[in-house]
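The values are calculated or read from the model by the stated rules, or taken from the named source; none is laboratory data. Everything quoted here is computed from the prediction, not taken from an experiment. Cβ atoms come from the backbone with ideal geometry, glycine included; neighbour counts cover every protein chain shown. Surface accessibility is based on the protein's heavy atoms, side chains included, excluding ligands, DNA and RNA. Shrake-Rupley method; radii C 1.70, N 1.55, O 1.52, S 1.80 Å.
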Amino acid sequence: MLGLELQDARVVAVSIDDRGQVLARALVEVSGTLTAAADAALVAVSTSDRGPLGLASTNQDSRTIAGVVSGLARRFSAPSPYGPVASGTAAAVAEAWVGAARGTQDVAFFAVGDRALGGVVRRGAAVAGARGRAGSIAWLALNPVEREDYRKIGCLEAEVAAAGIVRRLIWRIKAGDNSRVLDMAGGQFSDITVRHIFDAARAGDGVSIAVVRDTARYIGMAIGNLIAVVDPEIVVLGGLISQQEDRTVSKVPILGDIPGIGLLFRRQTGARDKTNLIVFLRPRLVTDPEELEAVTEEERLRYEREAKPPEERDPNALDMVIPPEG
């Protein structure tokens, strides 16, 4: 089976077997038309242009994508009557099938990056909704104001996607707050990236820390709303990237240590290792105050027990509090 994801500026194609194992994968940047990029990606993973094709898209309502889908439909059998499914829905299905939530019947997926994506699997099947737009978490209304970007891309995406994080920091600087991020970007607002903001926050930049904290608050509210509505067994939070940088310095003994001129006698090389992070949450909805108190105490006992060295733990201890009846 073939899978194709149509994004704004690139196309991802995969070939998988019946067990969900990826046999081939291709990523093609859109340099001409989206149709040409889609064809190139499919050719890279398969020699056949017949059979089932799973389609996903980050922008299902795009006219450009609709044209690509129309052309593909004449060659492949598409499983969805709505055209491509939402990328978040496809990701949720993949996680429930062979990924982090394998074997779980009720899954909620949420990812943040250049876009805010969501998807829901209920009783083992993808939830598409009446018009195939279920899981459109980008449109969660978390801020009771009227803004143009909210109307175009949705409130949540406008706040937590990469462009939204940069925009909020720029607003803070233009309002008079001092941040080292502008210097890191060479004094150009247009060159500021999310990486600048995160690096500055790690270095203690107050404005960047506030922006990251607000981003986390929006993400937390979105996850809370998703849990309250869907009541999933597990929430898969994706789109997070950990980056580790290693540097090696090679130098001529003694000469390489001379200030200034020593730069001519040493060489520095670096390597960056990026790792995609996935966070698993197993939520538990509690609406009764007494049950909430019991759950809180249960978690406290579990935390205290796990904080002890293994040799000091009581294997017979029950980390459970039974709420009073009545």
Self-check item: Local net charge near Thr58, Cβ-Cβ under 12 Å (Lys/Arg +1, Asp/Glu -1)
Solution: -3
Practice problem: Above 28 angstrom, tally the Cα pairs of the stretch 1-140 and express them as a % of all pairs, no decimals. | Solution: 12 percent
Quiz prompt | Overall dimensions of the stretch 1-74 by Cα: Rg and Dmax, Å | solution = 11.5, 35
Quiz item: Taking a probe of 1.4 angstrom, what is the accessible area of Ser208 in Å², to the nearest 10?
Solution: 0 Å²
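Over the stretch 131-186, give the accessible area per residue in Å² for a 1.4 Å probe, as an integer.
Result: 54 Å² per residue.
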Quiz item: When only the heavy atoms of the protein chains count and the probe is 1.4 Å, how do Arg10, Arg147 rank by accessible area, highest first?
Solution: Arg10, Arg147
Exercise. For the stretch 121-201, report the convex hull volume of the alpha-carbon atoms normalised per residue, in Å³, without decimals.
Key: 145 Å³
